[in-house]
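**Q** Sharing a structure with you now.
The values are calculated or read from the model by the stated rules, or taken from the named source; none is laboratory data. These figures come from a predicted structure and were not determined experimentally. No Cβ is skipped: glycine too gets one built from the backbone with ideal geometry, and neighbour counts run over all protein chains shown. These area figures cover heavy atoms from the full protein model, side chains too; ligands, DNA and RNA do not enter into them. Shrake-Rupley method; radii C 1.70, N 1.55, O 1.52, S 1.80 Å.
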Amino acid sequence: MSLRIGIAGGSVGGLFAAVLLARQGHQVTVMERARHGLARRGAGLVVQEQVERILRMVGLPRVAETGVWANERIVLDLRGHVATRERRPQMQMSWDLLYDGFRQLLPDSLYLTGATVNDIEPSDRHVNVTLADGRRFEFDLLIGADGQGSIVRSIVNGEAAKIIRPDYVGYAAWRGLVAENAMPRQAADLLFERFAFHFAEGEQALGYLVPGPDGQTAMGERRYNWVWYRQLPAEQLRELLSDAQRTGALSLGPGELPPAVSEALVADAQTQLPPPFAAAVAAEAQPFVQPIYDYESPRMVNRRVVLLGDAAFVARPHTAMGVAKAAGDAMALANALVGRPLDEALAAYEQARLSQGRAIVDYGRRLGQSLSMPVTP
Ligand SMILES: Cc1cc2nc3c(=O)[nH]c(=O)nc-3n(C[C@H](O)[C@H](O)[C@H](O)COP(=O)(O)OP(=O)(O)OC[C@H]3O[C@@H](n4cnc5c(N)ncnc54)[C@H](O)[C@@H]3O)c2cc1C
């Protein structure tokens, strides 16, 4: 039976589900709030088995084979000397190529942009969805792929009146994505083609090359991705978000940090990070901040509404499993919908993925606990 399936959120999780379900003959509609889609907005990710699998399923295996390599892992001391070195080649594939690849498999008419899901009214057999601009839809099934600040999550958990925010864990990732040619020579010589780390009490800095904004992997066209995990008391985070007039937002993107905060970050880096990392921080004109959250949904399904990806489980970035988790959810949902009545299929989906999501969030907590110790990015 062909179902009318609405998908809130058109990032990779929503797209994974949309492409697989459209191929099974369902009528999918993706509703993405970003006005112009998400092209050129990502960085890189470690290739995981589930990402390779979903790419093979849709005929895009090359996306998982295209990336930039780090040949070894180094740990820098505060003076910038290499304290330890380990040969461990690892590739970063391009988030943007992944997004574009899936996006191109879906006709434009099925991918609505500037489409913010605002109101959801579930009944036993249908789900009515109203967008912020007043457009209304009736679906047989609504998939919440609307990320860590999901509004669909509260419907699934029976708390329609409020948005369930994920739990802030007390530290944030300050980040930058620097065009490789904008990196100072000396820093580039030490950092490029390596996964570099620096550990201090309650802090961690790391960095590695990722593909360019269009998935470029050629020398000169890549970007240097640096991340600096630091404690940030909840009160200061609230102030930061409200200073930037983003109250209610969970993070601040490039260009959204107040200038005084960016300047303080660069100044702190000069004294608290090894010189190559401090140079990378200073080379970033628009640093941004990603506070770290945990969230575990008690359930993934309620009547005709289901959660997928970060809407269901937010795991810390140390796990490097956000995209793989979303891919695993999408494949499990598509699989469950084959040859079963809808209610049975949704129950099977929840059974397959609830424990996986919990395990990944828990893994992230364990990695985050030892923040001052080496963790796998
Ligand atoms: C622009 C972008 C770039 C990213 N880059 C990387 C990267 O380089 N490496 C990496 O490992 N991970 C990256 N991530 C995160 C990664 O995609 C997720 O951790 C993981 O894949 C889970 O994806 P998701 O689709 O569940 O959630 P997300 O990727 O967070 O997507 C949620 C989507 O829902 C949309 N949305 C939210 N609320 C509404 C609403 N009310 N109505 C309609 N739409 C809504 C958002 O605009 C967003 O597009 C990125 C995410 C985004 C959004």
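**Q** Just to be sure I understand the filter: pairs with C-beta atoms under 7 Å, separated by 6 or more residues or on different chains, first member in segment 234-257 and under 19 Å from Gln148 (Cα atoms), second member hydrophobic (A, V, I, L, M, F, W, C) and exposed (fewer than 14 other Cβ atoms within 10 Å of the Cβ). Which pairs pass?
**A** none
**Q** Being surrounded by fewer than 23 Cβ atoms within 10 Å (Cβ to Cβ), in contact (Cβ under 8 Å) with a residue 24 or more places away in the chain and of a type outside the set (Gly, Ala, Ser) is the filter here; which residues of segment 320-336 pass it?
**A** The answer is Met331, and nothing else.
**Q** Hey, can you tell me all the residues within segment 76-135 that are part of a loop (DSSP other than H, G, I, E, B) and assigned by TED's automatic domain parsing to the domain that holds Pro274?
**A** Asp77, Leu78, Arg79, Gly80, His81
**Q** Also, quick follow-up: Of the residues Met1, Met57, which is modelled with pLDDT under 95 and out of contact with any strand residue (DSSP E or B) (no Cβ under 6 Å at 6 or more places or on another chain)?
**A** After applying the criteria, what remains is Met1.
**Q** Please state which one of Arg165, Arg153, Arg135 is within 14 Å of the ligand (Cβ to nearest atom), basic (Lys, Arg) and open to solvent by less than 40 Å² (accessible area, probe 1.4 Å).
**A** Arg153
**Q** Does Asp146 fit the bill of being in contact (Cβ under 8 Å) with a residue 12 or more places away in the chain, away from the ligand (no atom under 16 Å from the Cβ) and assigned by TED's automatic domain parsing to the domain that holds Val301? If you could, list the steps in order and put the result at the bottom.
**A** Details: in contact (Cβ under 8 Å) with a residue 12 or more places away in the chain: yes; away from the ligand (no atom under 16 Å from the Cβ): no; assigned by TED's automatic domain parsing to the domain that holds Val301: yes.
No; evaluated as a whole, the condition is false for this residue.
**Q** Which residue pairs have Cβ atoms under 8 Å apart, sit 6 or more places apart or on different chains, and have a first residue in segment 108-120 that is among the hydroxyl-bearing types (Ser, Thr, Tyr) and a second that is within 11 Å of the ligand (Cβ to nearest atom) and part of a strand (DSSP E or B)?
**A** What qualifies is Tyr111/Val30; Thr116/Met31; Thr116/Leu131.
**Q** Only residues that are open to solvent by 30 Å² or more (accessible area, probe 1.4 Å), closer than 25 Å to Leu142 by Cβ and not basic (Lys, Arg): list them for segment 40-56, please.
**A** Passing the criteria: only Gln50.
**Q** Is there any pair linking a residue in segment 150-171 that is more than 26 Å from His318 (Cβ to Cβ) to one that is open to solvent by less than 60 Å² (accessible area, probe 1.4 Å) and among the basic types (Lys, Arg), with Cβ under 6 Å and at least six apart or on different chains, and which?
**A** none
**Q** Being loosely packed, with under 13 Cβ neighbours inside 10 Å and under 22 Å from Ala282 (Cα atoms) is the filter here; which residues of segment 211-262 pass it?
**A** Met219, Gly220, Gln231, Gly255, Pro259, Ala260 - these are the residues of segment 211-262 that are loosely packed, with under 13 Cβ neighbours inside 10 Å and under 22 Å from Ala282 (Cα atoms).
**Q** Against the condition under 21 Å from Gly44 (Cα atoms), of a type outside the set (Asp, Glu), away from the ligand (no atom under 15 Å from the Cβ) and part of a helix (DSSP H, G or I), how does Ala188 come out, does it pass?
**A** yes
One line per residue, one yes/no per condition, for (1) in contact with a strand residue (DSSP E or B) (Cβ under 7 Å, 6 or more places away or on another chain); (2) in contact (Cβ under 8 Å) with a residue 40 or more places away in the chain:
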| position | (1), (2) |
| --- | --- |
| Ile5 | yes, yes |
| Val19 | no, yes |
| Gly25 | no, no |
| Thr29 | yes, yes |
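**Q** Residue by residue through segment 4-35, note down the ones that are open to solvent by 10 Å² or more (accessible area, probe 1.4 Å), more than 6 Å from the ligand (Cβ to nearest atom) and not hydroxyl-bearing (Ser, Thr, Tyr).
**A** Result: Arg4, Leu20, Ala22, Arg23, Gln24, Gly25, His26, Gln27, Arg35.
**Q** I need the full set of residues from segment 119-132 which are modelled with pLDDT of 95 or more, polar (S, T, N, Q) and either farther than 21 Å from Leu21 by Cα or loosely packed, with under 15 Cβ neighbours inside 10 Å (or both), in order please.
**A** Thr130
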